[in-house]
Amino acid sequence: MKSLKRGKSISEPEITNITQHGFWIFLNGKEYFIAFDQFPWFKRARINELSNVQLCHGSHLYWPDLDVDLSVDIIEHPDHYKLVANEVQEIGTEYQQRLIKLRIPPDDAQKILRMVNHRKYLDALESHWKIFEDGHPQAQSICWLFCWAKAGVKSKRAAQEARDVFNRLFDKPFEWFDRRVPHNWARDARYKKDNIEAELEHYLKKLKTD
């Protein structure tokens, strides 16, 4: 067991204790326990990698050294999102190796996708959201949702709702994706008929320079 001294503001996340079963994180005056069995990405992490955690858009915690993003709701209710190790492994090795992937099963993602209350979005959802056999959405589908989260067809409410959906669906937050993928490219890519998986991975591997 390793106890770490508390020294940050209560509004900033801080790792306070690490055990063989998981670790405690202090945020907004409350401590949360993250169990390694339920969140296996942290099991082999070093102390400095666990301690380097950031609060994104008020409700998501991001570990840049581990490329892990979790919402506070997922930490509090992991069973609601089925984030146990064996279920993550069932999705397949190829799925786990992608730079951005669903944090929940595809069927659950379909339900969350319908939380954007905009007629044009809902009408286009079925034709734009496509899933591979390994359970991963096509790059065009990710770009389509990203464009809604970015602009919302001039609706700030729709953009915010799409952004919330993006953050609930994927293991990387919207801001992480936005820093890497040019919006203009995504706008064109979402309609391409060819396989654009490699193109998207190319952007995700580096930050935009503009």
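No lab work stands behind these numbers, since they all come straight from the coordinates. Note that the structure is a prediction, hence the values are computed from the model and not measured. So basically every Cβ, Gly included, is an ideal-geometry build from the backbone, and we count neighbours across all protein chains shown.
Of note:
- Nearest-0.05 FRET efficiency for Trp24 and Lys193, computed from C-beta distance (R0 35 Å): 0.10
- When the listed pairs Lys30/Lys101; Lys101/Lys150; Lys43/Lys130; Lys43/Lys101 are checked against a 24 Å cut-off, the alpha-carbon distance exceeds it for Lys30/Lys101; Lys43/Lys130.
- By average C-beta atoms within 10 angstrom, highest first, the peptides 135-142, 59-66, 151-158: 135-142, 59-66, 151-158
- The chymotrypsin sites (Phe, Trp or Tyr not before Pro) of segment 122-210 meeting both criteria, a DSSP state outside H, G, I, E and B (loop) and at most 15 other C-beta atoms within 10 angstrom of the site's C-beta, are Phe132, Tyr191.
- Paramagnetic reach from Arg98 (point 7 Å along Cα→Cβ, amide N under 11 Å) across segment 141-162: 141-143
- For a straight C-alpha distance cut-off of 20 angstrom, the aspartates and glutamates reachable from Lys156 (same-chain residues fewer than eight places away being disregarded) are Asp123, Asp164, Glu175, Asp178.
- Asp123-Leu207 FRET efficiency (beta carbon distance; Förster radius 30 Å; 0.05 resolution): 0.30
- Using the Cβ-Cβ distance between Cys56 and Trp185 with R0 set to 22 Å, the FRET efficiency from 1/(1 + (r/R0)^6) comes to roughly 0.45.
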